[in-house]
Structures are given as C-alpha cells and as structure tokens.
Amino acid sequence: QVQLVESGGGLVQAGGSLRLSCAASRSISSFNIMGWYRQAPGKQREGVAIFTMGGSTEYGDSVKGRFTISRDNAKNTVNLEMNNLSPEDTAVYYCYAHNYEFGDSWGQGTQVTVSS
C-alpha cells in the first residue's frame, strides 16, 4: 500500500504563489508516474503536472509557464511550485502516483483558493 500526504495549500491572492508538497510512504523511485491533478467544483479532475521515471515531464496547457514540478528523491517528496495564480486555479489538488505493484494511489487532497 502507498500513502501520499499533501501539504501547502491555502488561500492566496491572484498573482501570488504557493508551493505544494507530496510526501510518499515509499521510495518515489518505485513509481513509474507521479504528479499532481486538480479538481474544481463542478468540473472533472484534470492533470496539472506529472513526471515519469523515464525522465519526461508533462504540464496541463493552462499551467504551462506558471507551474513547476520537482522531486526530492532523498526525501521521497514531489513538489509543485505555482506562480502567478489566478482564480481559475482554485481547486482541490491531489497527489498521484502509479507503480506496477500497487497500481494507482491518491492523496487526500489539499485545497488551493485564489481570490481575485
């Protein structure tokens, strides 16, 4: 079983920044995919930023140039740096990971609210 714990959400004004972190209960090198999704009220969950253990990184179109995903293998964490936030970024942000042993794993989510 894999546990993912997010932190760093909160309330910020438009144009501000937030940094989310996701701590995994096992080595993140065991995951073939790891990253962040978000879900706004009344909308489907969407991919924000992911990276693969093959080294590729992918971002959602709406966050390209503003968000940066990074990882710390020593701390088993994945981080999401969010800059120039807008009210459209308001959502619950979920950490996600997949490996072949345990399949899909999700964190409990952390709320990000951007005020105009």
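The values are calculated or read from the model by the stated rules, or taken from the named source; none is laboratory data. What you see is a predicted model, and the numbers here were worked out from it, not measured in a lab. For neighbour counting, all protein chains shown are included, and Cβ atoms are generated from backbone atoms with ideal geometry for every residue, glycine included. Ligands, DNA and RNA are excluded from the accessible area calculation, which covers all protein heavy atoms including side chains. Shrake-Rupley method; radii C 1.70, N 1.55, O 1.52, S 1.80 Å.
Some values worked out for this structure:
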quantity	calculated
Phi to ³J(HN,Hα) by Karplus 6.51 cos²θ - 1.76 cosθ + 1.60 over region 36-53, Hz, x for Gly, Pro	10, 10, 9, 9, 8, x, x, 10, 6, 5, 10, x, 9, 7, 9, 9, 10, 6
Relative packing of peptides 33-40, 8-15 - highest average C-beta neighbours within 10 Å first	33-40, 8-15
Radius, Kirkwood style, for the chain when every pair of distinct Cα atoms is counted (Å)	14.1 Å
Largest to smallest accessible area among 5, 112 [probe 1.4 Å]	5, 112
Solvent-accessible area per residue, Å², over region 29-68 with all protein chains present [probe radius 1.4 Å]	55 Å²
Cut-off under 5 Å, modelled amide H: who pairs with residue 10 long-range	112, 113
Gain in span if fully extended, residue 32 to residue 98, counting 0.36 nm per residue against the direct Cα distance	23.2 nm
Computed lengthening from residue 61 to residue 81, 0.36 nm per intervening residue step minus Cα-Cα distance	5.6 nm
GluC sites (Glu not before Pro) lying in DSSP loop within region 1-103, provided at most 10 other Cβ fall within 10 Å	101
Apportionment of accessible area to carbon and sulfur, the chain, percent (1.4 Å)	45 percent
Percentage relative contact order, the chain, counting C-alpha pairs under 8 Å, at least six apart	37 percent
Listed residues 61, 72, 89 arranged by accessible area, highest first, probe 1.4 Å	61, 72, 89
³J(HN,Hα), Karplus 6.51/-1.76/1.60, whole Hz, each residue of region 102-108, x for Gly, Pro	10, x, 7, 10, 10, x, 7
Region 24-47 and region 56-85: distance between their alpha carbon centers, rounded to Å	11 Å
